[in-house]
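FYI, it's all coordinate maths here, none of it is from the lab. Everything quoted here is computed from the prediction, not taken from an experiment. For neighbour counting, all protein chains shown are included, and Cβ atoms are generated from backbone atoms with ideal geometry for every residue, glycine included.
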Amino acid sequence: MYKLEFKKSVKKDLRNIDKARVKKILREVEILKNGIDSNDNVIKLKGNNPYYRLRVGEYRVIFEKQDNILVITVIKIGHRRDIYQNFP
């Protein structure tokens, strides 16, 4: 089982989303604790980076998975039209 961590900026991201959607997003993020292999809504982002994306309706959760210490760090949460802008 993985441990979930959130960057401080994620709290700011969630303030801009209505509460019902935030609950759904956080519920889906909690499922990541069991691993990402069985989740069809998770894909590795293209390029030479360690990031994955979780699709939750029109919203995306960008995260990094570290297998050696079993940690998933949520980097950013946002609407699909905005999430990839200004992202490394």
Could you list, in sequence order, the residues of the stretch 59-88 that are part of a loop (DSSP other than H, G, I, E, B) and surrounded by 12 or more Cβ atoms within 10 Å (Cβ to Cβ)? Leu70, Arg80, Asp82, Ile83, Tyr84, Phe87
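Can you tell me how many residues in the stretch 47-68 are in contact with a strand residue (DSSP E or B) (Cβ under 7 Å, 6 or more places away or on another chain), closer than 23 Å to Arg21 by Cβ and of a type outside the set (Lys, Arg)?
Looking only at that region, the number is 9.
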Out of the stretch 18-46, which residues are touching a strand residue (DSSP E or B) at 6+ places or on another chain (Cβ under 7 Å), within 16 Å of Arg80 (Cα to Cα) and in a loop (DSSP other than H, G, I, E, B)? Asn41, Leu45
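Where residues in the stretch 13-58 are basic (Lys, Arg) and under 13 Å from the mean Cα position of the chain (by Cα), which of them is surrounded by the fewest Cβ atoms within 10 Å (Cβ to Cβ)?
From the stretch 13-58, those basic (Lys, Arg) are 15, 19, 21, 23-24, 27, 33, 44, 46, 53, 55; that's our starting set.
Narrowing the set further to residues that are under 13 Å from the mean Cα position of the chain (by Cα) leaves 24, 27, 33, 44, 53, 55.
Numbers: Lys24: 14, Arg27: 10, Lys33: 13, Lys44: 12, Arg53: 19, Arg55: 15.
Going through the qualifying residues, I end up with Arg27.
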Could you please tell me which pairs satisfy a Cβ distance under 7 Å, a separation of 6+ or placement on different chains, a first residue in the stretch 7-20 that is within 16 Å of Val61 (Cβ to Cβ), and a second residue that is part of a helix (DSSP H, G or I)? Leu14/Val22
